[in-house]
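J.: Take this structure first; my questions come after.
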Amino acid sequence: TYPLRPSLRFSIGKLEARSESDAGMAFDGQYWHYLDKWLFANSRLALYLEDKSMVGEVMMDAKEILEKFLSVNNNGTPQGLHWKLNTDMSPIVSLGRPRPSSDAVSAYVVYNVIEQTAKKLGYTKHSLEKEIEALRQVALQYSHAQLQIPNPLLVDPLGWGLNMWELQWLGPLEDKEHVKHRFCSFKDRAMDVSQAGGLPFRLYGAVLGGLLSEDMPTFKMAKSIVNDIESKLNTDSNADQGAISKVHGLFSINRVMFCSTIDPWAFSRQPHEELLDFFVSPIESKS
């Protein structure tokens, strides 16, 4: 059966929780960067199964989730996305009002993917056009310098992989290629196996991004890492598990992330999915 509505509460399994969550990640809550990936995964499942009713359920969930996470000003203009809410989806007072952030970029991608999946499967009962436009406004307020000029000293493997995943859908093409070239220049740092430590899932996120880069040198480097780890796992099932992973119970996420690198189809932009207008002036309005 399809999962329950977010209004009935999801939990990501934090060991501690309270009615008013914290401003960090110690206590349980509704985290945007998990929920949007959950929506994306269910959209891909609907596409794989060619299930029109499922994509309709995904669309309704997407509407309900954004209604809670999107912050607007007194005029109704979108201002940002809450990166985290309480478990009942109420705002966390200590976090204050959200500002435009990278969450809006991934949201803009995910909601467009859901909309285009619905069209592909012939689902016409509902649409996410209103939500997509709201997210587009927030995404375009977010500083594009974060994407265009990554700081080599601050390259986070998982964040780099996420950016490479998003870039598949961000256009126009000429601007996309320019930004991608800049990001690929940091591939050695992002996919540095020696820095994986006890959190290999972060490395796998970078590797997944490398596989989706559409840049041959970056792809070959990522594929080589996958082949090497897969070879080691064939002789030692715990080859990629560090002490930190075992202590914090990250074994499962490591395995899931690694399996995604073996077959990244679900994370790839599909033939029916169009490039999105993104690398434009933040004040440019949609005609």
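The values are calculated or read from the model by the stated rules, or taken from the named source; none is laboratory data. Only a predicted model underlies this, so the values are computations on that prediction, with no experimental measurement involved. Ideal geometry is used to build each Cβ from the backbone, glycine not excepted, and the neighbour counts take in all protein chains shown. Just so you know, the surface numbers come from the protein's heavy atoms only, side chains and all, with ligands and any DNA or RNA stripped out. Shrake-Rupley method; radii C 1.70, N 1.55, O 1.52, S 1.80 Å.
J.: Search the structure for amide H atoms under 5 Å from the amide H of residue 80, placed 1.01 Å from N in the peptide plane, and list their residues when 5 or more places away or on another chain.
T.: 71
J.: Another question about this same structure. Per residue, how much accessible area does the stretch 28-68 show when a 1.4 Å probe rolls over the protein heavy atoms, in square angstrom?
T.: 40 Å²
J.: Which of rounded, prolate or oblate describes the stretch 1-142 when judged by the alpha-carbon gyration tensor and an a/c cut-off of 1.5?
T.: oblate
J.: While we're on this one: How much area per residue is accessible in the stretch 181-236 when the probe is 1.4 Å and only protein heavy atoms are counted (Å²)?
T.: Spelled out: the 1.4 Å probe surface of the stretch 181-236, per residue, equals 51 Å².
J.: Mind checking the stretch 23-115 for trypsin sites (Lys or Arg not before Pro) that DSSP puts in a loop (not H, G, I, E or B) and that have at most 11 other Cβ atoms within 10 Å?
T.: Passing both the DSSP loop test and the Cβ count: no residue.
J.: For 123, 48, write out the residues from largest to smallest accessible area, computed with a 1.4 angstrom probe and no ligands counted.
T.: Result, largest first: 48, 123.
J.: Restrict the search to the stretch 9-114; then list the GluC sites (Glu not before Pro) that DSSP places in a loop and that have at most 10 other Cβ atoms within 10 Å of their Cβ.
T.: 16
J.: Something else: For the ranges 162-169, 188-195, 103-110, what's the packing order if you count other beta-carbon atoms within 10 Å of each residue, average per peptide, and put the highest first?
T.: Descending packing order for the listed peptides: 103-110, 162-169, 188-195.
J.: Starting from the Cα-Cα distance between residue 252 and residue 188, subtract it from 0.36 nm times their residue separation and give me the gain in nm to one decimal.
T.: Using 0.36 nm per residue and subtracting the Cα-Cα distance, I get 20.4 nm.
J.: In cubic angstrom, how much convex hull volume per residue do the alpha carbon atoms of the stretch 46-87 span?
T.: Spelled out: Cα convex hull of the stretch 46-87, divided by residues, is 106 Å³.
J.: What does the extension gain come out to for residue 259 and residue 231, with contour length at 0.36 nm per residue minus their alpha carbon separation?
T.: Length difference between fully extended and current span is 8.7 nm.
J.: What are the ³J(HN,Hα) values, in whole Hz, obtained from phi via the Karplus relation 6.51 cos²θ - 1.76 cosθ + 1.60 with θ = phi - 60°, for each residue of the stretch 87-100 in sequence order, with x given for Gly and Pro?
T.: So the J values, rounded to whole Hz, are 4, 8, 6, 8, x, 8, 4, 5, 7, x, 7, x, 10, x.
J.: Oh, and also: Using a probe of 1.4 angstrom, how much of the accessible area of the stretch 66-128 is carbon and sulfur, in percent?
T.: C and S atoms contribute 46 percent here.
J.: Okay, next question. Efficiency by 1/(1 + (r/R0)^6): what FRET value for residue 20 and residue 49, r their Cβ-Cβ distance, R0 = 45 Å, to the nearest 0.05?
T.: For R0 = 45 Å, the calculated efficiency reads 0.70.
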